[in-house]
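Asks: Below you will find the structure I want to go over with you.
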Amino acid sequence: MNWFSAALGSSVGKKLMMALTGLAFIGFLAAHLAGNLTIYGGKAAFNGYAEKLQSLGPLLHLFRAGLITFALVHILTGLYLFLLNRKARPVGYRMHASAGGRTLSSRTMPYTGIVILAFVIFHLFHFTFVDKTSTTVFDMVAAAFNQPFYMLLYAILMIVVALHVRHGFWSAFQTLGVNHPKYMLTVTTVSFAAGVIVALGFGLLPLVIALWY
Ligand code: HEM
């Protein structure tokens, strides 16, 4: 077990934990997006999906416990690596050109991460920890997005999520060793596509719901 704690304690081990927990979140986002897209099927389809989720009972609790554990590992490890990086390079780069893999989404990772954490906490109080006895999940979401403030807030925040996903996905591939120049174009394209899917898939929902319902 000594080798295990030594591996996790190393910077490479920490990057590996970031990559694996990050990929798990991308898996969660894919499932959440697939569920949310049922809204295009109308009220009954979306409420049916929400009810199915609730009917999972103990499995849902287990899933939530997993998400919280992964979030803690991802955030604390990310913070540690960020501080370590800053200590090693206190002045920072003078060049912020996108050459060498530095892009808007790579440069802003810690900040988009903090915004996403704040968003998820707000989102849980907005949609999950609310009394739904006198409404349905569909009516709650439609009422929220019919307020221009929430519609715009969600649409803008989904761009922040997309930026984080784009570089996070790319970076996870590098950490897992898919970094041969031969695969670079594919990895960059797949990561970009993941960002676009998040931005359009989630980001258009508030607009469509506001216009449609
Ligand atoms: C337009 C975009 C989004 C919409 C309309 C949406 C909608 C919802 C709704 C309706 C619920 C509550 C489901 C229920 O209680 O039955 C929920 C839960 C949740 N959402 Fe979202 N969501 C969006 C984007 C996101 C994003 C981008 C993330 C993560 C970064 C996220 C993370 C979560 C989490 C963690 C939960 C709690 C899941 C659970 O019940 O355990 N959502 N969302």
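Asks: So what's the net charge close to residue 54: Lys and Arg +1, Asp and Glu -1, counting the other residues with Cβ under 13 Å from its Cβ? Display every interim value, and only then the final one.
Replies: Working: positive: 52, 64, 132; negative: 51.
Residues close to residue 54 contribute a combined charge of +2.
Asks: If I model region 2-212 as equal point scatterers sitting on the Cα atoms and use the Debye formula, what is log10 I(q)/I(0) at q = 0.09, 0.15, 0.17 Å⁻¹?
Replies: -0.42, -1.07, -1.30
Asks: Which lysines, if any, have their Cα less than 19 Å from the Cα of residue 14, not counting same-chain residues under 8 positions apart?
Replies: Leaving aside lysines fewer than 8 places away in the same chain, those within reach of residue 14 are 87.
Asks: While we're looking at this one, here's another question. Sort out for me the Cα centre separation of region 153-203 from region 71-85, rounded to whole Å.
Replies: 19 Å
Asks: Going by C-beta contacts inside 10 Å, put 134, 105 in order with the fewest on the left. Show your work: numbers first, answer last.
Replies: Working: 134 6, 105 23.
Lowest count first: 134, 105.
Asks: Another question about this same structure. Could you work out how far helix 11-36 tilts from the main Cα principal axis of the chain, as a 0 to 90 degree angle to the nearest 10?
Replies: Once rounded, the angle reads 20 degrees.
Asks: Something else about it: Rg and Dmax of region 98-204, Cα atoms, in Å?
Replies: Final numbers for Rg and Dmax: 16.9, 56 Å.
Asks: Using the Cβ atoms and a cut-off under 14 Å, what net charge is assigned to the surroundings of residue 172, where Lys and Arg are +1 and Asp and Glu are -1?
Replies: Around residue 172, the surrounding residues sum to +3.
Read-outs throughout are calculated quantities, based only on the coordinates presented, and are distinct from any laboratory measurement. Keep in mind it's a predicted model, so treat the numbers as computed, not measured. Cβ: placed from backbone, ideal geometry, glycine included. Neighbour counts: every protein chain shown.
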